[in-house]
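The values are calculated or read from the model by the stated rules, or taken from the named source; none is laboratory data. Values in this document were obtained by computation on a predicted structure and should not be read as measured data. Cβ placement follows ideal geometry from the backbone for every residue including glycine, while neighbour counts extend to all protein chains displayed. Quick note on the areas: whole protein, heavy atoms, side chains included, nothing else; ligands and nucleic acids left out. Shrake-Rupley method; radii C 1.70, N 1.55, O 1.52, S 1.80 Å.
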Amino acid sequence: MGLEEAALYLHVPFCRAKCPYCDFYSLPQPPEEEILRKFLKALKKEVLLRRAELESYRFVTLYVGGGTPSLLPPWFYQNFYEFLEKELTFTPQEATLEANPEGLTLKYLRAVKSIFNRLSLGAQSLRAEGLRALGRRHSIDDIKKAFEAARNAEIKNISLDFIFGWPGQTLILLEQELKEIKLLAPEHISYYELTLEEGTAFYQKARKGKLSLPPEDEVIRMYEFVHSFLVEVGYEHYEISNFARFGFRCRHNLFYWEARPYLGLGPAAASYLHGRRTKTVEDLHLYLKSLEEGVLPPREVEKLTEEERFREAVILGLRLLGGIDLFLFRKRFQYDLRAYYGARLRRLFEMGLLEISDNHLRLTQKGRLLANAVFRELV
Ligand code: SF4
């Protein structure tokens, strides 16, 4: 039997400092060499201890996220990549490195280019007001220099990440930012709405009434504006928050949205393999200690039923603007989507939030603005 394709994610749990809106697991200090060596050894051990779980997959994408992966030296990635090639069926056609703009040099990018053919740069804003409001440490100049360095290193697939809806943002500031993005012309763009995650500094500030965000209707207008601007200048809007030039959709993230298998390595990394969802403990020291002792670190494990996998695939699939192919879905799951959701689906059609055309179920433009409400209905 052939191997099933899967994605491979590596979580790097280090940052220079913690950003006030971020709830990803990371320690707010760059790693010392000794910790890095331990981390590398632990990752290898994790792969070896999980080998039986991984044997039936061919890993066709690599995504190193975090945290701030660009804090780690090239030797770390070269060493781990060779290990993965030796121990797994690992043939990535797309390999992404997440990076922060500050201090990203041409020398570094040239050194990691033999491994990574895609760079995801955490720009977050191309307005000084935005970077300040988001508490970022880099400047617009840093973003432009990092982007130019990536081009000079001949990285041909660059994604830029942005946040909209930050305190003080207006449609005019957004338009100025989009014009700057157009000039840079990255292959891929992610635009995420700022959300207040529990446990972050922004969440605390908002609770005390000390954070003033743009009103909801203004944020909706911003989302619509991002869509129309980027589509107008030639990007395909292919997922609720993601835009790409033709041929540059993120193959790795498509595994998540298409509910296909993925392996997550490192602390706080999630996996979805053999219909089982797992998440490794969010604690680097416990992660290192467990693996030093030759045991897997604690993991939350959830075995999904066929019905749960079906519902999850519906929600994830609707994130894609192409929607869900009803014919393929029927072949993949034993449920008929229309019969399963019945009246709930009809109500969403009547409200103009969902539509079916060419045998695909998808969110309408209005549905995209109210996507979370639609998902709550279908979950
Ligand atoms: S936003 Fe990025 S750089 Fe900031 S704390 Fe989160 S992972 Fe680290």
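Is it the case that Val301 is in the same structural domain as Phe80 (by TED's automatic domain parsing) and among the β-branched types (Val, Ile, Thr)?
Details: in the same structural domain as Phe80 (by TED's automatic domain parsing): no; among the β-branched types (Val, Ile, Thr): yes.
The answer is no for Val301.
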Exercise for the section: Go through the stretch 20-41 and give me each residue that's more than 16 Å from the ligand (Cβ to nearest atom) and either touching an Asp or Glu at 6+ places or on another chain (Cβ under 7 Å) or open to solvent by 30 Å² or more (accessible area, probe 1.4 Å) (or both). Expected result: Glu32, Glu33, Glu34, Ile35, Arg37, Lys38, Lys41
Handout entry: Lone qualifier among Arg127, Arg137, Arg132 - being open to solvent by 10 Å² or more (accessible area, probe 1.4 Å), modelled with pLDDT under 95 and not aliphatic (A, V, I, L, M)
Key = Arg137
Practice task
With the condition kept exactly as written, say whether any residue in the stretch 147-156 is closer than 23 Å to Phe243 by Cβ, open to solvent by 40 Å² or more (accessible area, probe 1.4 Å), assigned to a loop (DSSP other than H, G, I, E, B) and touching a helix residue (DSSP H, G or I) at 6+ places or on another chain (Cβ under 7 Å).
Solution key: no
Exercise for the section: Check Arg132 against each of (1) under 20 Å from Ser159 (Cβ atoms); (2) within 16 Å of the ligand (Cβ to nearest atom); (3) out of contact with any helix residue (DSSP H, G or I) (no Cβ under 6 Å at 6 or more places or on another chain) and name the one condition it does not meet. Expected result: (1)
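Please work out which residue is surrounded by the fewest Cβ atoms within 10 Å (Cβ to Cβ), limiting yourself to the stretch 270-329 and to residues that are basic (Lys, Arg) and touching a strand residue (DSSP E or B) at 6+ places or on another chain (Cβ under 7 Å).
Filtering the stretch 270-329 for residues basic (Lys, Arg) gives 276-277, 279, 289, 299, 303, 309, 311, 319.
Filter again for touching a strand residue (DSSP E or B) at 6+ places or on another chain (Cβ under 7 Å), leaving 276-277, 279, 299, 303, 319.
Numbers: Arg276: 13, Arg277: 17, Lys279: 16, Arg299: 15, Lys303: 10, Arg319: 20.
Within the stretch 270-329, the match that is surrounded by the fewest Cβ atoms within 10 Å (Cβ to Cβ) is Lys303.
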Exercise for the section: Determine which single condition Pro69 fails, assuming it passes every other condition in (1) open to solvent by less than 10 Å² (accessible area, probe 1.4 Å); (2) touching a Phe, Trp or Tyr at 6+ places or on another chain (Cβ under 7 Å). Expected result: (2)
Practice task
Find the residue count for the stretch 191-230, including only residues that are among the aliphatic types (A, V, I, L, M), open to solvent by 30 Å² or more (accessible area, probe 1.4 Å) and in a helix (DSSP H, G or I).
Solution key: 3
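What number of residues within the stretch 90-119 satisfy the criterion of being within 16 Å of the ligand (Cβ to nearest atom) and surrounded by fewer than 24 Cβ atoms within 10 Å (Cβ to Cβ)? Steps first, answer last, please.
If we filter the stretch 90-119 for residues that are within 16 Å of the ligand (Cβ to nearest atom), which is where we start, we get 96-104, 119.
Checking which are surrounded by fewer than 24 Cβ atoms within 10 Å (Cβ to Cβ) leaves us with 98, 102-104.
Matching residues across the stretch 90-119 total 4.
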Exercise for the section: Output the number of the condition that Leu328 fails; it satisfies all remaining conditions of (1) at pLDDT 95 or above; (2) part of a helix (DSSP H, G or I); (3) of a type in the set (A, V, I, L, M); (4) over 23 Å from the mean Cα position of the chain (by Cα). Expected result: (1)
Practice task
Report, ordered by the first and then the second residue, all pairs with beta carbons closer than 7 Å, sequence separation of six or more or different chains, a first member in the stretch 104-128 that is more than 18 Å from Glu177 (Cα to Cα), and a second member that is within 16 Å of the ligand (Cβ to nearest atom) and in a helix (DSSP H, G or I).
Solution key: Leu104/Ser70; Leu104/Ala146
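Name the single residue that is farthest from the ligand (Cβ to nearest atom) among those in the stretch 1-19 being within 19 Å of Phe80 (Cβ to Cβ) and of a type outside the set (Phe, Trp, Tyr).
This residue is Ala6.
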